[in-house]
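Reviewing the structure listed below.
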Amino acid sequence: MTRGDAMTSTTYPDQATTIEDLLVVLRAEAGAFDEDEADADDEDEDDDEDEREAAGAGEDGHLTALDHGLQCAAVLRGEHPDGLELQVAGLVHDIGHRLQPGAPELHGVVGGRYVAGLLGDRVAALVELHVDAKRFLVKVEPSYRAHLSRGSAQTLIAQGEALSDAEVVEFAAKRHAADAVVLRRADERAKVPGRPVAPLEAWFEILERVASAVA
Ligand SMILES: [Fe+2]
């Protein structure tokens, strides 16, 4: 993918109906941060921060959003080898940043909606809840905040900061909340520029398996 391709304005459907719909967004993630790096010294710092949150890259990192998703999926695969839905959720958890750029507070909801019909309610819930899982962890584990990347710490403000006591109870009671926290912890450990992981192609069969279980 060229830099020009990466920044081409794209309109995506609200919901993916095929694996290819999903792959189009994931492939766009492969170029997102490259283009952003080219603009790193530009005045558009807010967009830069959105991209860093999408990629999870540190201030000086060289990590695409796809690298981040692949690393997140790989972390989850290592820890939960039988958890295909959890792994796939890790792969796609930040696609909302591509689907609706500039709205980090909505990326979980947008991404969850996109994959729900294709990958099922559990994957959709994990994608949606990974945002509040960050707010949950910041509340219940005060040291967690120190593990957030700069971009993630900044978007935490737009996302509502730490959950309140009442919201902690509400979040914890949700179905899949515990797995969303597992995903979130993997998310924070999936931001290592240059870490070798399986490529996107290695996930095609697993995506098909998860999708076929929904159909
Ligand atoms: Fe992430």
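Observations on the structure shown:
- Among the residues of segment 45-69, the one identified as at pLDDT 90 or above, more than 10 Å from the ligand (Cβ to nearest atom) and either of a type in the set (Phe, Trp, Tyr) or within 18 Å of Tyr114 (Cβ to Cβ) (or both) is Leu66.
- Filtered residue count, segment 198-215, keeping only those that are modelled with pLDDT of 95 or more and either aliphatic (A, V, I, L, M) or crowded, with 17+ Cβ neighbours inside 10 Å (or both): 9
- Segment 166-199: number of residues that are among the aliphatic types (A, V, I, L, M), within 17 Å of Ala65 (Cβ to Cβ) and within 16 Å of the ligand (Cβ to nearest atom): 5
- Of all positions in segment 177-187, none carries a residue that is part of a loop (DSSP other than H, G, I, E, B), in contact (Cβ under 8 Å) with a residue 12 or more places away in the chain, under 14 Å from the mean Cα position of the chain (by Cα) and buried (at least 21 other Cβ atoms within 10 Å of the Cβ).
- Of the helices (runs of 4 or more DSSP H) contained entirely in segment 97-165, those carrying at least 1 residues that are more than 30 Å from Phe204 (Cα to Cα), among the charged types (D, E, K, R) and more than 13 Å from the ligand (Cβ to nearest atom) fall at 121-140, 150-158.
The values are calculated or read from the model by the stated rules, or taken from the named source; none is laboratory data. Treat the numbers as computed from the prediction; the structure is a model and nothing was measured. Glycine also receives a Cβ, built like all others from the backbone with ideal geometry; neighbour counts cover every protein chain displayed.
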